[in-house]
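Structure, as structure tokens:
The values are calculated or read from the model by the stated rules, or taken from the named source; none is laboratory data. As the structure is a prediction and not an experimental result, all values here were calculated from the model. Here Cβ is always computed from backbone atoms with ideal geometry, including for glycine, and neighbour counts include all displayed protein chains. Protein only, heavy atoms only, side chains kept; ligands, DNA and RNA dropped before computing areas. Shrake-Rupley method; radii C 1.70, N 1.55, O 1.52, S 1.80 Å.
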Amino acid sequence: MTDAAMTRESLAQALTRVGQGDRSAFEAVYRATSAKLMGVALRILHDRALAEDVVQETYVAVWNRAGSFDPGRASPITWLVTIARNRAIDRLRSAPMRVRTTPVEDAVDLADDATPADARVEAADDARRLNGCLDELEARTRGAIRTAFFEGVTYEEVAERTSAPLGTVKSWIRRGLIKLRECLER
């Protein structure tokens, strides 16, 4: 026999002895199966206190009904899990429906990470105004400013891209920024 079959058989024998009132056999059954039965109850109930109550009820039932255990009909662990599962489902059905929501009054304290609507409207308005002012600039100045500030490119790279001297690019950008500020202040 394999170790698993021996464990199954020894558990079946322990349950038979529990049916005869053997407390040490009951303790052995409990030590061998309580973690598994607690897992079954927790998975169904999602509440540790309720699951502990169900496991206790399960072992009371095992103590009272172990004499009816038939190893020919089910494995010992299947028999035990069935009792625990049925008890947990019964507890779930009999428990009043618990609402797991927060009262609406507590919503004041909830953080909202979204940008406020007024800030979004203001940012959209600023972007519209900026684009309108940029459109008033010469094409090369507008392109140099967009490249430098919107793409994060250095003045040297702008000069390389436009094949213009660095000093000229700096002048375009400086004069363009002055005109932008004047336009945005209107």
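Among the residues of the range 35-46, count how many are of a type outside the set (D, E, K, R) and surrounded by fewer than 16 Cβ atoms within 10 Å (Cβ to Cβ).
First pass over the range 35-46, keeping only residues of a type outside the set (D, E, K, R): 35, 37-42, 44-46.
Next cut, surrounded by fewer than 16 Cβ atoms within 10 Å (Cβ to Cβ) only: 35, 39, 46.
Qualifying residue count, the range 35-46: 3.
Do we have residue 93 as closer than 30 Å to residue 58 by Cβ, open to solvent by 90 Å² or more (accessible area, probe 1.4 Å) and modelled with pLDDT of 90 or more here?
Criteria not met by residue 93.
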Seminar exercise, completed: Those residues of the range 30-46 which are assigned to a helix (DSSP H, G or I) and without any contact (Cβ under 8 Å) to a residue 40 or more places away in the chain amount to 30, 31, 32, 34, 35, 38, 39, 42, 43
Exercise. Of all residues in the range 64-91, which are hydrophobic (A, V, I, L, M, F, W, C) and touching a helix residue (DSSP H, G or I) at 6+ places or on another chain (Cβ under 6 Å)?
Worked result: 66, 69, 80, 81, 83, 84, 88
Problem set entry | Complete set of residues in the range 131-149 that are open to solvent by less than 50 Å² (accessible area, probe 1.4 Å) and not in a loop (DSSP other than H, G, I, E, B) | 132, 133, 134, 141, 143, 144, 145, 147, 148
For this session: Please name all residue pairs, on different chains or six or more residues apart, with Cβ atoms under 8 Å, provided the first residue is in the range 169-185 and is touching a residue at least 40 places away in the same chain (Cβ under 8 Å) and the second residue is open to solvent by 100 Å² or more (accessible area, probe 1.4 Å) and in a helix (DSSP H, G or I).
Result: none
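Considering the range 150-186 alone, what residues qualify as being open to solvent by less than 100 Å² (accessible area, probe 1.4 Å) and not in a helix (DSSP H, G or I)?
Of the range 150-186, the ones open to solvent by less than 100 Å² (accessible area, probe 1.4 Å) are 152-159, 162, 164-173, 176-178, 180, 183-184.
Those that are open to solvent by less than 100 Å² (accessible area, probe 1.4 Å) and not in a helix (DSSP H, G or I): 152, 153, 154, 164, 165.
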Seminar exercise, completed: Sole miss for residue 115 among (1) at pLDDT below 90; (2) assigned to a helix (DSSP H, G or I) is condition (2)
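Restricting the search to the range 145-157, which residues are of a type in the set (Val, Ile, Thr) and either touching a Phe, Trp or Tyr at 6+ places or on another chain (Cβ under 9 Å) or free of Cβ contacts under 8 Å to residues at least 12 places away in the same chain (or both)?
Selection gives 145, 153, 154.
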Problem set entry | Evaluation of residue 68 against (1) at pLDDT below 85; (2) open to solvent by less than 90 Å² (accessible area, probe 1.4 Å) (one fails), failing number | (1)
For this session: Check whether at least one residue in the range 127-137 is in contact with an Asp or Glu (Cβ under 9 Å, 6 or more places away or on another chain) and not basic (Lys, Arg), and report yes or no.
Result: yes
Problem set entry | Single residue of the range 47-63 satisfying the filter (free of Cβ contacts under 8 Å to residues at least 40 places away in the same chain and among the aliphatic types (A, V, I, L, M)) that is most open to solvent (accessible area, probe 1.4 Å) | 60
